[in-house]
Structures are given as C-alpha cells and as structure tokens.
1. At 7 Å along Cα-to-Cβ for each site, give me the label-to-label distance between Gln8 and Ile33 in nm.
2. Calculate the FRET efficiency for Lys19 and Lys43 from the Cβ-Cβ distance with a Förster distance of 22 Å, rounded to the nearest 0.05.
3. When the convex hull of the C-alpha atoms of segment 1-41 is computed, what volume per residue in Å³ does it have?
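Readers should treat all values here as calculations from the given coordinates under stated rules, not as data from a laboratory. Fair warning: this is a prediction, and the values are worked out from it, not measured in the lab. When we count neighbours, we look across all protein chains shown, and the Cβ atoms used for this are built from the backbone with ideal geometry, even at glycine.
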Amino acid sequence: MGIKGIMQARHILLLASGKQKAQALYEAVYGDITPEVPASILKLHPHAAVFAEEALSVIKEKS
C-alpha cells in the first residue's frame, strides 16, 4: 500500500514493537517530515495513533 492510500484512510494505527524500532519511531515522531522516514508523513494525518511498547521507553530516555 502506498503513502497516498495510507493517508486517505479515516484512521491510522502505527504499531511499533521492540527496541530495534526505537530509532525509526523517534525519527517519525520527533523528526522532520522526510522521504527518508516515510512514517513521518503520519504527523499530517488528523486521526493517527502510535502504539509502542519497548521502543517507547527508549524514546523517553532520549528526549
């Protein structure tokens, strides 16, 4: 599924599991919107939610 199709969804859930996803999740949530981090475009969606477990604890340590 492409970015256009994803952005046309009414609601989006982004699930991140494991510490290995921490850097990508950090860049998607706190970084600039960029093609190098496709998930960063979700910041523009009015109904996007992020669910993370271990990755979230690593992000909290960084910020």
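1. Calculated label separation equals 1.8 nm.
2. Working: r = 23 Å, r/R0 = 1.02.
The value I calculate is 0.45.
3. Values: hull volume 3.3 nm³, N = 41.
Each residue corresponds to 82 Å³ of Cα convex hull volume.
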